[in-house]
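The values are calculated or read from the model by the stated rules, or taken from the named source; none is laboratory data. What you see is a predicted model; the values in this text were computed from it and never measured. Neighbour counts run over all protein chains shown; Cβ positions are idealised from the backbone, glycine included.
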Amino acid sequence: MRQNAKRRQKMKKLVFNSVYKCYNEKDVIRNFSAEITEGNPVCFFGESGCGKTTLINIAAGLVKPDKGKIITEKIAHTSVVFQEDRLLESCTAEENIMLSAKNTELANKISDVCGITEFLKLYPNEMSGGMKKRTAIARAIAFDGDMLLIDEPFNGIDEERIDKIIRFLKTYIENKVCIIVTHDINQAKKLNAKIIYI
Amino acid sequence: MKITDNRYFKIIITAVFWLALWQAVCVIVGRDVLIASPADTFNALIEMLQTSVFYKTIIMSFVRVACGFFIGMAVGTAAAVITCANKTIYMLLKPAINIIKSTPVASFIIIALAWMKSGQVPVFISFIATAPIVWGNVSEGIKSVDEKILEMAKIFEYPFSVKLKKIYIPSIMPFMRSAIISGAGFAWKSGVAAEVIGSPKYALGSKLYDAKVYLETPQLFAWTAVIIILSIIFEKIVIRLVNAAERKKETKNEKTCF
């Protein structure tokens, strides 16, 4: 018991403590609490506009909650797969990944998993939506943060590739705090993510 | 291809039309003092080309305008960066820039003549003409940077140099390009106007003024033609410099990372 408690103390952890956020006088997040620890991925599930992306932004530190607290433990760097890709238009797929990469070996591996080696030299305006998504995923993994936040990552990617990426992620997030936002509950299940209905 | 589609043919036809119109106006007016004919202007230009003073004059004017223009570019860009980064400085600088924009160039020239030597005034005036244009355009470029891309850069901890090269400069470049084109034109017009009023030695504006005082209308027209040609050359040089800088950046981008 004591060892378990000690282990929990050393774990990377993200806690949402009674978080509130409103936009245009409308409550988007009301009294949201959750504790997410490393190796125990969580999936935020719910209708469009229910505040899933807001929670991801709050977790990433991009948005401040109006009320409540965000507590992080042992999380120094955060990787995010944004819903809208957010690739640098003036850079190729390769440059977009390498500019963020803290771990070159991992960058090579994830580029292979995401099938980016086929279009390394393409600029975002030459890529399809799926290619951009794959590049955004590879960039976030190559950054190798302590926490991985994934917002609707698989739009436009074919099933076979999604399976490959999920297989990779399953192992990769074993020592990460991970939140995934997806409309496809099966993807969450494949990642063994605990589903939180928002 | 039809001969009328040929680029050079079009240029020649346009030139012939305007020269004919110019000649026709000359004949109608009938007074050499008011308007010089194309032939007289051309002869005056040939005579000028044979003197060393002509080359000294164009070099000195070119250097004055170029100095003012490049100082204006640097100061305008720096001011844009500072005012976009700090709202208080923006609040303090904005009225000054608006005053500079709406003050007639002639007022600045007269004031500057009281402060500095006549040879320095065109440099100062070209600077004053360029800096607000560059400031305005570069500020717009900085404001046009996508907030979401900046958030991404924050998340992935891009160093400032990367943010500058990969996010800010690509956003600013289109605005900078239009600032350079309009700034170069304004720098020339204002710089020469300052030379006309200040009359420094070896200056296009001074030659223009002398030609007017001595009623040498063909020389007046010839110097005007020289100013127009130099202004076009200056603009082309500056655009080529921008293109070269952009090409250099693209070549660097093509280097592999893996």
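With the structure loaded, tell me whether residue B:59 is surrounded by fewer than 12 Cβ atoms within 10 Å (Cβ to Cβ), at pLDDT 90 or above and under 28 Å from residue B:132 (Cβ atoms) or whether it fails that test.
Values: surrounded by fewer than 12 Cβ atoms within 10 Å (Cβ to Cβ): yes; at pLDDT 90 or above: yes; under 28 Å from residue B:132 (Cβ atoms): yes.
Here the answer is yes, as residue B:59 does meet what is asked.
Can you confirm whether residue B:77 is more than 23 Å from residue B:235 (Cβ to Cβ) and of a type in the set (Ser, Thr, Tyr)? Walk me through it before giving the result.
Values: more than 23 Å from residue B:235 (Cβ to Cβ): no; of a type in the set (Ser, Thr, Tyr): yes.
No; evaluated as a whole, the condition is false for this residue.
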Only unsatisfied item for residue A:142, checking (1) free of Cβ contacts under 8 Å to residues at least 40 places away in the same chain; (2) within 14 Å of chain B (Cβ to nearest Cβ), is (1)
Residue in segment A:73-105 that is farthest from the other protein chains (Cβ to nearest Cβ), counting only those that are farther than 15 Å from residue B:154 by Cα and among the small types (Gly, Ala, Ser)
A:93
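Okay, residues lined up against (1) modelled with pLDDT under 90; (2) within 14 Å of another protein chain (Cβ to nearest Cβ):
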site	(1), (2)
B:216	yes, no
B:220	no, no
B:223	no, no
B:236	yes, no
B:243	yes, no
B:248	yes, yes
B:254	yes, yes
Can you work out which of the residues in segment A:182-197 that are assigned to a loop (DSSP other than H, G, I, E, B) and touching an Asp or Glu at 6+ places or on another chain (Cβ under 8 Å) is surrounded by the most Cβ atoms within 10 Å (Cβ to Cβ)?
A:182
For segment A:42-63 the number of residues that are part of a helix (DSSP H, G or I) and either within 14 Å of chain B (Cβ to nearest Cβ) or closer than 17 Å to residue A:185 by Cα (or both) is 8
Report yes if residue A:75 is of a type outside the set (Phe, Trp, Tyr), in a loop (DSSP other than H, G, I, E, B) and surrounded by 14 or more Cβ atoms within 10 Å (Cβ to Cβ), otherwise no.
yes
Exactly one condition in (1) under 23 Å from residue B:153 (Cβ atoms); (2) more than 13 Å from every other protein chain (Cβ to nearest Cβ); (3) buried (at least 17 other Cβ atoms within 10 Å of the Cβ) is false for residue A:126; which is it?
(3)
Residue match in segment A:114-122 (condition: buried (at least 20 other Cβ atoms within 10 Å of the Cβ) and within 13 Å of chain B (Cβ to nearest Cβ)):
yes
Condition first: within 14 Å of chain B (Cβ to nearest Cβ), surrounded by fewer than 15 Cβ atoms within 10 Å (Cβ to Cβ) and more than 30 Å from residue A:115 (Cβ to Cβ). Can you find one or more residues in segment A:64-72 that meet it?
yes
Go through segment B:105-139 and give me each residue that's at pLDDT below 90 and under 17 Å from the mean Cα position of the chain (by Cα).
B:105
Given the conditions (1) buried (at least 22 other Cβ atoms within 10 Å of the Cβ); (2) assigned to a helix (DSSP H, G or I); (3) of a type in the set (A, V, I, L, M, F, W, C), and given that residue A:29 satisfies all but one, which numbered condition is not satisfied?
(2)
Please specify each residue of segment A:162-181 satisfying the condition of being surrounded by 14 or more Cβ atoms within 10 Å (Cβ to Cβ), β-branched (Val, Ile, Thr) and not in a strand (DSSP E or B).
A:162, A:165, A:166, A:173
Among residues belonging to segment A:78-102 that are buried (at least 19 other Cβ atoms within 10 Å of the Cβ) and in contact with a Pro (Cβ under 7 Å, 6 or more places away or on another chain), point out the one that is modelled with the lowest pLDDT.
A:90
For residue B:170, which of the numbered conditions (1) modelled with pLDDT under 90; (2) more than 14 Å from chain A (Cβ to nearest Cβ); (3) assigned to a helix (DSSP H, G or I) fails to hold?
(2)
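This table checks each residue for (1) among the polar types (S, T, N, Q); (2) buried (at least 20 other Cβ atoms within 10 Å of the Cβ); (3) not in a helix (DSSP H, G or I).
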| residue | (1), (2), (3) |
| --- | --- |
| B:131 | no, yes, no |
| B:139 | yes, yes, no |
| B:145 | no, no, yes |
| B:150 | no, no, no |
| B:175 | no, yes, no |
| B:195 | no, yes, no |
| B:208 | no, yes, no |
| B:233 | no, no, no |
